[in-house]
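*Asks:* Starting off with a structure, shown below.
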Amino acid sequence: MKIDRDEARRIATLAHLEFDDPALERMAGEMTKILSYIDQLREVDVAGFQWSAAADSTPLRDDVPRAPVTRDAVAANAPAFSDDGHFVVPKGIGD
Amino acid sequence: MPGKWEAVIGLEVHARLLTSTKIFCGCSPAFGAPPNTHVCPICLGYPGSLPVLNRKAVELAVRMGLATDCEVHPRSVFARKNYFYPDLPKGYQISQFDRPIATNGRIGDVRIRRIHMEEDAGKLMHHGDGSLVDLNRAGTPLVEIVTEPDLANADDAVAYLTRLRQVLMYTGACDGNMEEGSLRCDANVSVRREGEELGTRTETKNLNSFRYVGRAIEHEIERQIAVLERGGKIDQETRLYDVATGETRVMRSKEEAHDYRYFPDPDLLTLDVEPSQIEEIRRALPELPAPRAARYQRDFGLSVKDAEALVVTKALAEYYEAVAAEAANAKAAANWVRNEVLRVLNEEKVELEEYRVTPSMLARLIKLIDSGAIGGKSAKEIFDDMSQSGEAPETIVERKGLSQISDPSAIREAAERVITANAAQVEQYRGGKQQVFGFLVGQLMKETRGKAKAELANAVLRELLDR
């Protein structure tokens, strides 16, 4: 599968990233390489392989509360934290 | 001539599941805690933390699927829904996309397209030139219940929501508390001329009361018709309902690649629920409001209105049934519960669970009436007393001396006093003016303070007058 420059630009927009044209060209090339590897994996013969329900189910947890982390610990890792215990973030576009 | 306008509406309801912990971690999802005190590395989205699914949340989602006649899938898949917003610490929401836990159900005439599980986001408040983020709500377990576009107007939408809320509360999946955001609704609305193809739809977000849902839909229908009649076109967009103005306004455009880049969450394997477990959950489901109301009409001979009013909550229905069974009078029980019990609960803002009058007390009161021991008027007085004092009906009858007089000699004495005191009216009656009889009965009831048994009072009085 080939990723062209337009597709690379679309993905960049969705990821909120900006690239100039030469960079887009380079990204398109690299992504194409990655996807070619996936194509290669597709050639593996998996006929006869059975999914087993037991082996790949997500584990479940009982609904038993656990202690939260302290607010000091939360605040320590926050770039900005208000006195009343909120994270402070820059105002978003259109807010 | 162009056809009449008609609206096509579908609803998406987010319901908070009633668990003790969040969907993927052991933090409490309780509403109203101080900001950022119910958080841990998982719901804060710290790198390297791993989500582990809450068994109870799965059970409640399965219950909802079964209660809405959905097909519940033994295997479903969690996906990442990617978007950038500060209330979403991981940069993605864990949700279900192409393989939800349940599909193809219905509530009444409204088809349910799908029910999927997901985590709630945090809360964002705008403040000065920044925004404040509280992540207590992040990771709260939700089900999103999506209808087909089967609704035609605001009233239909509100009726559907009312029934959905009842089912959510009956199954114990959700507390139905709209003020606290346990239930939030998004409305997809489009309009078209009769017989034409579906129009472009808008989505109005986060409606947190039935009234707002109704108003927002009405406003959106009017707005879209006005735009189209002016020759304009409807943009596919997300709108917000403004409570103050009663209008909807654009929140964001859905056109510009609003692509969430869903993909299966590699941190979670498939969710597998054994079919035997699904059956077990099905067997444990309570009787739901619609079949319950039908049973009341069929077995108890109640009217549609009475039956529907009594099944509004499971607690009320159970209360009613307990009264009806013990009183052996389902209709009287329905009247008392619907009119008197609900009135008192409403007036005094009490919950049924903490109401002083137990089903047995009310049932015994009804029995006292049915046996002729007390009259209807006294019954009301005893009922109000019970609501206040919490005393047994028999005790109150005793204390107030309200036992109905069914002793003919006692009534005769009272009737004689009435006849003496109202000589003029007695004269009129005896002269052929039958209507005066009613007045004299009234006097007799007054004389006995309403305790005379009505049939007996009539008979005795007539006997004395016609002598």
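The values are calculated or read from the model by the stated rules, or taken from the named source; none is laboratory data. None of the values given here were measured: they were computed from a predicted structure. FYI the Cβ positions are ideal-geometry reconstructions off the backbone, even for glycines, and counts take in every protein chain you see.
*Asks:* Would segment B:350-368 turn up any residue that is buried (at least 20 other Cβ atoms within 10 Å of the Cβ) and over 25 Å from B:R295 (Cβ atoms)?
*Replies:* Yes: segment B:350-368 contains one or more residues that are buried (at least 20 other Cβ atoms within 10 Å of the Cβ) and over 25 Å from B:R295 (Cβ atoms).
*Asks:* Kindly list, by first and then second residue, each pair from a residue in segment B:127-152 that is on the phi > 0 side of the Ramachandran plot to a residue that is among the hydroxyl-bearing types (S, T, Y) and modelled with pLDDT of 95 or more, limited to pairs with Cβ atoms under 6 Å and residues at least 6 apart or on different chains.
*Replies:* Correct list of pairs: empty, since none qualify.
*Asks:* On the basis of being more than 8 Å from every other protein chain (Cβ to nearest Cβ) and more than 22 Å from the chain's Cα centre (by Cα), does B:S20 make the cut?
*Replies:* It is false that B:S20 is more than 8 Å from every other protein chain (Cβ to nearest Cβ) and more than 22 Å from the chain's Cα centre (by Cα).
*Asks:* A further question follows. Might you check whether a residue that is modelled with pLDDT under 85, in a helix (DSSP H, G or I), under 30 Å from B:V58 (Cα atoms) and not aromatic (F, W, Y) occurs anywhere in segment A:37-54?
*Replies:* Taking every residue of segment A:37-54 in turn, at least one turns out to be modelled with pLDDT under 85, in a helix (DSSP H, G or I), under 30 Å from B:V58 (Cα atoms) and not aromatic (F, W, Y).
*Asks:* Quick one: which of B:N82, B:N104 is surrounded by fewer than 19 Cβ atoms within 10 Å (Cβ to Cβ), under 20 Å from B:P266 (Cα atoms), of a type outside the set (D, E) and out of contact with any His (no Cβ under 9 Å at 6 or more places or on another chain)?
*Replies:* Sole residue among the options that is surrounded by fewer than 19 Cβ atoms within 10 Å (Cβ to Cβ), under 20 Å from B:P266 (Cα atoms), of a type outside the set (D, E) and out of contact with any His (no Cβ under 9 Å at 6 or more places or on another chain): B:N82.
*Asks:* Cβ-Cβ distance below 8 Å, separation of 6 or more or different chains: which pairs start in segment B:65-88 with a residue that is assigned by TED's automatic domain parsing to the domain that holds B:I115 and over 26 Å from B:M169 (Cα atoms) and end on one that is buried (at least 22 other Cβ atoms within 10 Å of the Cβ) and aromatic (F, W, Y)?
*Replies:* That search, which allows pairs on different chains as well, returns B:P86/A:F87.
*Asks:* Can you say whether B:G450 is buried (at least 17 other Cβ atoms within 10 Å of the Cβ) and outside any helix (DSSP H, G or I), as far as the supplied structure shows?
*Replies:* Answer is yes for this residue.
*Asks:* Would a scan of segment B:83-101 turn up a residue that is of a type outside the set (V, I, T) and under 22 Å from the mean Cα position of the chain (by Cα)? So that I can check it myself, show each step before the final result.
*Replies:* First pass over segment B:83-101, keeping only residues of a type outside the set (V, I, T): B:83-93, B:95-100.
Applying the additional criterion that residues be under 22 Å from the mean Cα position of the chain (by Cα) yields none.
No; the residues of segment B:83-101 include none that is of a type outside the set (V, I, T) and under 22 Å from the mean Cα position of the chain (by Cα).
*Asks:* From the list B:T19, B:T37, which residue is at pLDDT 95 or above, assigned to a loop (DSSP other than H, G, I, E, B) and within 30 Å of B:R111 (Cβ to Cβ)?
*Replies:* Details: B:T37 fails: within 30 Å of B:R111 (Cβ to Cβ).
Matching residue, one of B:T19, B:T37: B:T19.
*Asks:* Checking the condition of a type in the set (V, I, T), part of a helix (DSSP H, G or I) and within 30 Å of B:Q388 (Cα to Cα), which residue from B:V350, B:V344 passes?
*Replies:* Values: B:V350 fails: part of a helix (DSSP H, G or I).
From the options B:V350, B:V344, the qualifying one is B:V344.
*Asks:* Would you check which residues across segment B:183-224 are among the small types (G, A, S) and at negative phi and list them?
*Replies:* B:A187, B:S190, B:G199, B:S209, B:G214, B:A216
*Asks:* Here's something else I'd like to know. Would you mention how many residues in segment B:8-30 are among the aliphatic types (A, V, I, L, M) and either surrounded by fewer than 23 Cβ atoms within 10 Å (Cβ to Cβ) or outside the structural domain of B:D150 (by TED's automatic domain parsing) (or both)?
*Replies:* Qualifying residue count for the region: 3.
*Asks:* Check off (1) surrounded by fewer than 16 Cβ atoms within 10 Å (Cβ to Cβ); (2) not in a loop (DSSP other than H, G, I, E, B) for B:V397 and give me the number that stays unchecked.
*Replies:* Every condition holds for B:V397 apart from (1).
*Asks:* Specify which of the listed residues (B:P264, B:P275, B:P289) is within 29 Å of B:S95 (Cβ to Cβ), in contact (Cβ under 8 Å) with a residue 40 or more places away in the chain and exposed (fewer than 14 other Cβ atoms within 10 Å of the Cβ). Steps first, answer last, please.
*Replies:* Working: B:P264 fails: exposed (fewer than 14 other Cβ atoms within 10 Å of the Cβ); B:P289 fails: exposed (fewer than 14 other Cβ atoms within 10 Å of the Cβ).
The unique qualifying residue is B:P275.
*Asks:* Please enumerate the residues belonging to segment B:104-132 that are part of a loop (DSSP other than H, G, I, E, B), in contact with a strand residue (DSSP E or B) (Cβ under 9 Å, 6 or more places away or on another chain) and more than 9 Å from chain A (Cβ to nearest Cβ). Lay out the reasoning, then the answer.
*Replies:* Filtering segment B:104-132 for residues part of a loop (DSSP other than H, G, I, E, B) gives B:108-109, B:120-122, B:128-129.
If we keep only those that are in contact with a strand residue (DSSP E or B) (Cβ under 9 Å, 6 or more places away or on another chain) as well, we get B:120-122, B:129.
Passing the criteria: B:D120, B:A121.
*Asks:* So which of B:L465, B:L461, B:L402 ends up being surrounded by 15 or more Cβ atoms within 10 Å (Cβ to Cβ), out of contact with any Lys or Arg (no Cβ under 8 Å at 6 or more places or on another chain) and not polar (S, T, N, Q)?
*Replies:* Exactly one of B:L465, B:L461, B:L402 is surrounded by 15 or more Cβ atoms within 10 Å (Cβ to Cβ), out of contact with any Lys or Arg (no Cβ under 8 Å at 6 or more places or on another chain) and not polar (S, T, N, Q), namely B:L461.
*Asks:* Are any residues in segment B:52-85 modelled with pLDDT of 95 or more, in a loop (DSSP other than H, G, I, E, B) and at the interface with another protein chain (Cβ under 9 Å from one of its Cβ atoms), and if so, which ones?
*Replies:* Scanning segment B:52-85 gives B:V52, B:P74.
*Asks:* When the residues of segment B:107-135 are narrowed to those that are among the small types (G, A, S) and under 19 Å from B:T19 (Cβ atoms), which ends up surrounded by the fewest Cβ atoms within 10 Å (Cβ to Cβ)?
*Replies:* Within segment B:107-135, the match that is surrounded by the fewest Cβ atoms within 10 Å (Cβ to Cβ) is B:A121.
*Asks:* Give segment A:8-37 a look and list any residue that's closer than 22 Å to B:K81 by Cα and of a type in the set (G, A, S), or say none.
*Replies:* The answer is A:A8, A:A12, A:A15.
*Asks:* Looking for whichever is among the charged types (D, E, K, R), within 29 Å of B:Y160 (Cβ to Cβ) and in a helix (DSSP H, G or I) here; the options are B:R249, B:R211, B:R239. Which one fits?
*Replies:* Values: B:R249 fails: in a helix (DSSP H, G or I); B:R239 fails: in a helix (DSSP H, G or I).
Testing whether each residue is among the charged types (D, E, K, R), within 29 Å of B:Y160 (Cβ to Cβ) and in a helix (DSSP H, G or I) leaves just B:R211.
*Asks:* Of all residues in segment B:86-103, which are more than 10 Å from chain A (Cβ to nearest Cβ), in contact with a strand residue (DSSP E or B) (Cβ under 6 Å, 6 or more places away or on another chain) and not β-branched (V, I, T)?
*Replies:* B:Y92, B:Q93, B:S95, B:Q96, B:F97, B:R99, B:P100, B:A102
*Asks:* Can you tell me which of (1) at pLDDT 95 or above; (2) within 24 Å of B:P286 (Cβ to Cβ); (3) among the polar types (S, T, N, Q) is the one B:T313 doesn't meet?
*Replies:* Unmet for B:T313, out of (1) at pLDDT 95 or above; (2) within 24 Å of B:P286 (Cβ to Cβ); (3) among the polar types (S, T, N, Q): (1).
*Asks:* A follow-up question, please. Quick one: which residue in B:L50, B:L18, B:L11, B:L44 is aliphatic (A, V, I, L, M) and closer than 16 Å to B:A173 by Cβ?
*Replies:* Working: B:L50 fails: closer than 16 Å to B:A173 by Cβ; B:L11 fails: closer than 16 Å to B:A173 by Cβ; B:L44 fails: closer than 16 Å to B:A173 by Cβ.
Only one candidate passes the filter, namely B:L18.
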